[in-house]
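Asker: Take this structure first; my questions come after.
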Amino acid sequence: MEFSEFADLPVIDCHAHFKRGVKSLEELVSEGETLIEVIRRGRLRQIYITGEYAGLYLKVKYPGLFYAGGRVPAPYVDGIGRNPVKDWDRYMDELIEVGFDGIGELVSKPAERSRRIPLNSQYYEGFWDKCESAGYAVLCHVADPEEFWDERLIPEWAREKGWGYYHGDFPSKEELYAEMHQILDEHPRLKIVLCHFYFISADLEKAEGFLNQYKNANLDLALGVELMYNISRRRDDWRSFFIKHQDRILFGTDIGVSQTLQEHLDRVWLLRNFLESDEEFYTPETADPLLTRYREPYVGLNLPRHVLWKIYAGNFMRLWGEKPRDVDLEMAIAKCEERGERFIAEALRGLTG
Ligand SMILES: [Zn+2]
């Protein structure tokens, strides 16, 4: 299908990133303009963006079009660094007060044990408690596709990125799941979306068991195109799963892993074509290299309109609210100054009054 043929429904991308390494006001402005083109040409209503204070800049510059995720220190020794959070209560309230809409993407990819701080370790205790009690939604990446643990099966692009977990002291995929399951057991009211379908698309029965056991857990569809590939191999069974669990699945792209406007749009198109059409199709040639080119086609799910509505927007709004929160501009500028992010402070100042 063409973009113009897709259903006329509100679509919120729950999982996108602001380009990394932006270092000047000009780049900030130009990246913002690219994302606005993605919204326009990709027929999105809104984007939830991970990008720290650049996300707040987008919220102020383009009112209503962006939700932004606040950062919590990454679960690695070098991520927490010299400024560990001691008072989660205060830290999290400040993020929301300045204008963030939720937390994350918080990324817990596999790392060597000497570097990892498990998400269920004591350090994060106050964090999960606070998210649950205050109702702050968390977008959280746990584990990776199973083939990354197998030297024979890992895709070349993943190997090049250093995402192979077969040499060295890495936790198993099951260990990473056990950590998250403990968090979910202890926080049954936590609002959480697990990224990339929680990397369980290769095992429908496991996914079914997981959603039945943890009633508060939700899954996003951010590519990881292996999820579309896996689901296509048992298309009819998965289609029933999507209809049954229509309240638990969210549309997301992982834009920002892609680099150019065309690559961003290819991610939006792939997922929408997968959810809406009944076509057999392949990764477009123009798509970014992280989207594996498989020999067998994806097979579209052709989901009913009311299910699409939930996956595209309804579930997101239940978790993050019907509209983005307001930004406290003075506070945001002060925070950027404090963090040495001069050009973002400057951009925000340019947007006052
Ligand atoms: Zn991501």
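Every number here is computed from the coordinates shown, using simple stated rules; none is lab data. Computed from a predicted structure; not experimentally measured. Here the Cβ is made from the backbone with ideal geometry for all residues, glycine too, and neighbour counts use every protein chain on show.
Asker: If the cut-off is a Cα-Cα distance under 16 Å, which lysines reach Lys86, setting aside same-chain residues fewer than 8 apart in sequence?
Answerer: Output for Lys86: Lys130.
Asker: Additional query: Sum -39500 (n - 2.57) across every DSSP H segment of at least 4 residues in the chain, then divide by the residue count to get the 222 nm mean residue ellipticity, nearest 500.
Answerer: Theoretical 222 nm ellipticity from helices: -12000 deg cm²/dmol.
Asker: Say each of Asp185 and Glu147 gets a label point 7 Å from the Cα, pointing the same way as Cα to Cβ; how far apart are those two points in nm?
Answerer: Taking the two extended label points, one gets 3.3 nm.
Asker: When the distances between all Cα atoms of the chain are binned every 20 Å from zero, what whole-number percent does each bin get?
Answerer: 30, 61, 8
Asker: Output the pairs from Lys59/Lys335; Lys19/Lys191; Lys191/Lys310; Lys206/Lys323 with a Cα-Cα distance over 24 Å in this structure; if there are none, say none.
Answerer: Checking Cα-Cα distances, Lys19/Lys191; Lys206/Lys323 exceed 24 Å.
Asker: Between beta-carbons, use under 13 Å as the cut-off and find the net charge around Arg116, counting Lys and Arg +1, Asp and Glu -1. Mind dumping the intermediate values first?
Answerer: On the way: positive: Lys109, Arg113, Arg115; negative: Asp78, Glu112, Asp169, Glu175, Glu179.
Computed value for this residue: -2.
Asker: Would you look at the GNM of the chain, springs on alpha carbons closer than 10 Å, and say which of Leu223, Leu275, Leu153 moves the most?
Answerer: In this elastic network of the chain, the residue with the biggest mean-square fluctuation among Leu223, Leu275, Leu153 is Leu153.
Asker: I've got another one for you. Among Ala202, Ala137, Ala222, which one shows the biggest mean-square fluctuation in a GNM of the chain, springs joining Cα atoms closer than 10 Å?
Answerer: Answer for the Gaussian network model of the chain: Ala202.
Asker: Cβ under 12 Å from Pro171's Cβ, Pro171 left aside: what net charge do those residues give with Lys, Arg +1 and Asp, Glu -1?
Answerer: So the environment of Pro171 carries a net charge of -1.
Asker: Could you work out how much longer the chain between Ser121 and Arg41 gets when fully extended? Use 0.36 nm per residue separation minus the Cα distance between them, nm to one decimal.
Answerer: Numbers: separation 80, 0.36 × 80 = 28.80 nm, distance 4.29 nm.
Here the answer is 24.5 nm.
Asker: For the pair Asp89 and Glu175, what calculated FRET efficiency results from E = 1/(1 + (r/R0)^6), where r is the Cβ-Cβ distance and R0 = 30 Å, to the nearest 0.05? Don't jump to the answer; show the numbers that get you there.
Answerer: Details: r = 29 Å, r/R0 = 0.97.
With a Förster radius of 30 Å, E is 0.55.
Asker: Are there DSSP H segments in the chain that both extend 27 Å or more along their axis (alpha-carbon positions) and score a mean Kyte-Doolittle hydropathy of at least 0.5? List them, or say none.
Answerer: Working: long enough: none.
The answer is none, since no helix passes both cut-offs.
Asker: How about the range 263-320: which trypsin sites (Lys or Arg not before Pro) there lie in a loop by DSSP and see at most 14 other Cβ atoms within 10 Å?
Answerer: Arg293, Arg295
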